[in-house]
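J.: Supplied in structure tokens, the structure appears directly below.
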Amino acid sequence: MGGFVGRQKELDTLASALGRVGSHMDDAMPGLCMFVRGRRRVGKSRLLEVFIDRAEVPHLFFTASQQGGRELKLFADEAVASSLLNVRAFAGVTPNTWDGALTLLNAALPSDQVSVIVIDEFPYLTDGDPTIEGTFQKHWDRHLSK
């Protein structure tokens with residue numbers, strides 16, 4: 001991706017974190033969950049897009065958009081279009097709950113390769129469903145962190 005200037009420190013931090021996860025693939029819980037926070041319109045999403053492009057790993061980049069009940073379909077559509085290795089898990093399926101969507105996501109993740117999942121604008125999801133943080137935590141603890 002051309003035209004990206006600066007943010008080398010942040011890119012190095014993300015690359016280092018990805019490297020740590022990759023070096024611990026044999027551990028019981030090698031995954032790492034990171035939150036990127038900052039003021040609006042400062043380039044957080046673009047930073048993550050550039051990082052993913054440079055990392056060249058299977059990934060899913062989903063941006064929540066305050067569309068209520070459509071978010072699950074949009075998430076499934078992004079998963080099908082992603083570079084995750086087992087996206088067939090999402091083919092022709094629209095999950096009814098985030099629990100179902102994260103179960104499918106776990107099935108789509110490669111077990112022998114590092115991958116990156118970005119959920120951009122996560123607060124939009126929590127605004128529409130106050131239980132979503134607990135659902136993500138449950139799936140992270142039980143499956144996604146592995």
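Coordinate-derived values only; no laboratory data. This one's a predicted model, so the numbers in the text were calculated from it and none came from an experiment. Reconstructed Cβ throughout: ideal geometry from the backbone, glycine too, with neighbour counts over all protein chains shown.
J.: How many angstrom lie between the Cα centre of segment 76-106 and the Cα centre of segment 38-57?
T.: Centre-to-centre distance over Cα atoms comes out at 22 Å.
J.: Another question about this same structure. Might you report the magnitude of the Cβ-based charge dipole of the chain about its Cα centre, with Lys and Arg at +1 and Asp and Glu at -1, to the nearest 20 debye?
T.: Computed about the Cα centre, the dipole is about 400 debye.
J.: Would you grab the residues whose amide H sits under 5 Å from the one on S83? Only those 5+ places off in sequence or on another chain, please, with H modelled 1.01 Å from N.
T.: Distant-sequence amide H within range of S83: H59.
J.: Computed from these coordinates, which is Rg/Rh (Cα atoms, Kirkwood Rh): [x] 1.18; [y] 0.94; [z] 1.04?
T.: [y]
J.: State the extension gain, in nm to one decimal, for the chain segment bounded by D77 and Q137, taking 0.36 nm per residue of separation less the distance between their alpha-carbons.
T.: Taking D77 through Q137 to full extension adds about 19.3 nm, to one decimal.
J.: Taking amide hydrogens as modeled 1.01 Å from N in the peptide plane, which residues meet the under 5 Å criterion relative to T63, leaving out close sequence neighbours?
T.: Sorted by chain and number, the residues that satisfy this are D120.
J.: Something else about it: Under Stokes-Einstein, with the Kirkwood radius over Cα pairs standing in for Rh, what whole-number D in µm²/s applies to segment 24-101 at 20 °C and 1.002 mPa s?
T.: Details: Rh = 14.7 Å.
Value of D from the Cα-based Kirkwood radius: 146 µm²/s.
J.: Express the relative contact order of segment 1-140 as a whole percentage, based on alpha carbon pairs under 8 Å and six or more residues apart in sequence. Present the calculation step by step, with values, prior to reporting the outcome.
T.: Working: 140 pairs, mean separation 35.1, N = 140.
The normalised contact order for segment 1-140 reaches 25 percent.
J.: Here's a follow-up. Could you work out [θ]222 nm for the chain from helices alone, using -39500 (n - 2.57) per DSSP H run of at least four and dividing by all its residues? Round to the nearest 500 deg cm²/dmol.
T.: The helix contribution divided over the chain gives -13500 deg cm²/dmol.
J.: Give the residue list of GluC sites (Glu not before Pro) in segment 13-120 that are DSSP loop and have at most 15 other beta-carbon atoms within 10 angstrom.
T.: Taking segment 13-120 and a limit of 15 other Cβ atoms within 10 Å, the loop GluC sites (Glu not before Pro) found are E56.
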